[in-house]
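Have a look at the structure below, then the notes.
The values are calculated or read from the model by the stated rules, or taken from the named source; none is laboratory data. Treat the numbers as computed from the prediction; the structure is a model and nothing was measured. Methodologically, a virtual Cβ is constructed for each residue, glycine included, from the backbone with ideal geometry; neighbour enumeration extends over all protein chains shown.
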Amino acid sequence: MDSTVAAGQRVGGLSAITRYQWLVFLVVWLGWTLDAADFGLYSLVLRPALTQLLGGNPPIAQIGAYGGILSMMGLLGWAFGGFVFGIYADYVGRVRALATSIILYSVFTALQGISQGIWDFAIYRFIAGLGTGAELMVGIPLLAEALGETHRAKIAGFMMTGGALGTFLGAWAYGLVGGYGWRVVFFIGVVPALLLAVIRRRVIEPDRFAAVTERRQTIRTGQQVATDDTQFMRFVPLQLFSREHRRSTIVGLLFGLGSLLAIWTTNIWLPTILSLMVQKSGISGAAAVPFVSHGIMTWSLGGIAGYIAFGFIADIVGRRPTVILYAVGTIAAALTLYLGLTSYEPYYPVVLPIFGFFVFGTFTGFAVYLPELFPTHIRSTAVGFTTGSARVVTSFGPLVAGLLVGVFGSFNKVTAFMSCFALLSIIAMFLGRETKGKELPH
């Protein structure tokens, strides 16, 4: 069956998109949404969890140091998960890799709720990170290949809203059950495993990947398919550094570094910064939960708008100018939020969604631009490697930021500095090629 025209049915006024393509979109979007929700739960309960696990009333510098270590473990897991599962998906299939990733991050997010100390917590975070990193890196090629040339950038933008919506849902869930303790919050993480039933029954491999599998099997029998058979059959990660793909790999790495360094220190420490801001007004403990919850939800709503807008802007002005616009917006909003404001009211609720628009929205570029740089047989590995390698470096960002808090005495200054690494995304776009209006490489 042709997976891009399965059932041959059209939906509503968007006559170019089939029911099956909408199903693939829904599965990838839900996976990414629940993935982000699971990851967001961690940052929301980081401070109370560390306070209990460290015992007593630990100083802010100690929370920063151990929180940085735990965050680093999660991001390292995310990095290796994207890379390893990317290779797995290019050889075995996108659908099987996606299902495995979802079960990993569901189970091990929940297991964090039974942590007895820092180090078993770190192990659960690393393994949960493996699944978290894999889900989106496998889902992006799956969706791109299922859509083909059908409104790819716009639909990818809607899919990426799952990152902000997941953060919103995590904050909403925290507002509901946060009062029962941080362990209960983590137990919610098992919910995404329910997606497996849908994936196993309904989703099949894209035709583009099926063609790659058929070509590999034909070459293994000793038949020649094309003049580049030898290069085609090389171990996929090595092909990323061939003369043909080396420049695109570097562009992807720089783009990944810039966007990830800009967001992850914020993602880890923003709830803590919000709690400290409202504490200045004499609000702390359980009374601060609604302020933190609403602040993160507002930030996430801005991100949802940013994700959606990216695809439309990219189809009008091009992929590279859009990434540059979002990077500049990220830096300007971050500096305003962290250095220009000294209290939660009245401007924090205004600047938060603007910051979310840019710092979240740039990740639609991962789903739009990166798949357009690489051919099908190395696409999943390329997306996983460029973003995964960036995450290895990024994983040290929250740790460095946490340690620097003890030196500078402020989460705000360190987080503002880390946000400025969005400059790397701008450099990447000057090095990369424009892919607007071009067919997805085969």
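For segment 387-431, give me each residue that is in contact with a Ser or Thr (Cβ under 7 Å, 6 or more places away or on another chain) and modelled with pLDDT of 90 or more.
419, 422, 425
Restricting segment 1-55 to residues that are acidic (Asp, Glu) and closer than 30 Å to residue 115 by Cβ leaves a set whose member that is modelled with the lowest pLDDT is 38. In segment 187-197, is there at least one residue being over 30 Å from residue 435 (Cβ atoms), of a type outside the set (A, V, I, L, M, F, W, C) and surrounded by 15 or more Cβ atoms within 10 Å (Cβ to Cβ)? Checked segment 187-197: at least one residue is over 30 Å from residue 435 (Cβ atoms), of a type outside the set (A, V, I, L, M, F, W, C) and surrounded by 15 or more Cβ atoms within 10 Å (Cβ to Cβ). Does residue 166 satisfy the criteria of being out of contact with any Asp or Glu (no Cβ under 6 Å at 6 or more places or on another chain) and at pLDDT 80 or above? Here the answer is yes, as residue 166 does meet what is asked.
Right, residue 177: within 24 Å of residue 38 (Cβ to Cβ), in a helix (DSSP H, G or I) and touching a Leu at 6+ places or on another chain (Cβ under 6 Å) or not? So residue 177 fails the test. Selection within segment 125-152: residues that are under 15 Å from the mean Cα position of the chain (by Cα), modelled with pLDDT of 85 or more and of a type in the set (Val, Ile, Thr). The member of this set that is nearest to residue 69 (Cα to Cα) is 138.
Of all residues in segment 12-21, those that are buried (at least 17 other Cβ atoms within 10 Å of the Cβ) and closer than 21 Å to residue 307 by Cα total 2.
Conditions tested, residue by residue: (1) in contact (Cβ under 8 Å) with a residue 12 or more places away in the chain; (2) in contact with a Gly (Cβ under 8 Å, 6 or more places away or on another chain).
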{"position": "245", "(1), (2)": "yes, no"}
{"position": "248", "(1), (2)": "yes, yes"}
{"position": "279", "(1), (2)": "no, no"}
{"position": "282", "(1), (2)": "no, no"}
{"position": "285", "(1), (2)": "no, no"}
{"position": "289", "(1), (2)": "yes, yes"}
{"position": "298", "(1), (2)": "yes, yes"}
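Based on this model, can you work out whether residue 203 counts as surrounded by fewer than 17 Cβ atoms within 10 Å (Cβ to Cβ) and within 19 Å of residue 136 (Cβ to Cβ)? Here the answer is no, as residue 203 does not meet what is asked. For segment 59-77, does any single residue satisfy the condition of being surrounded by fewer than 23 Cβ atoms within 10 Å (Cβ to Cβ), free of Cβ contacts under 8 Å to residues at least 40 places away in the same chain and not in a helix (DSSP H, G or I)? Yes.
Taking residue 210, is it touching a helix residue (DSSP H, G or I) at 6+ places or on another chain (Cβ under 6 Å), among the aliphatic types (A, V, I, L, M) and part of a helix (DSSP H, G or I)? When the stated conditions are applied, residue 210 does not pass them. Taking the criterion of being of a type in the set (Gly, Ala, Ser) and either surrounded by fewer than 24 Cβ atoms within 10 Å (Cβ to Cβ) or within 12 Å of the chain's Cα centre (by Cα) (or both), the residues of segment 30-48 that qualify are 31, 36, 37, 40.
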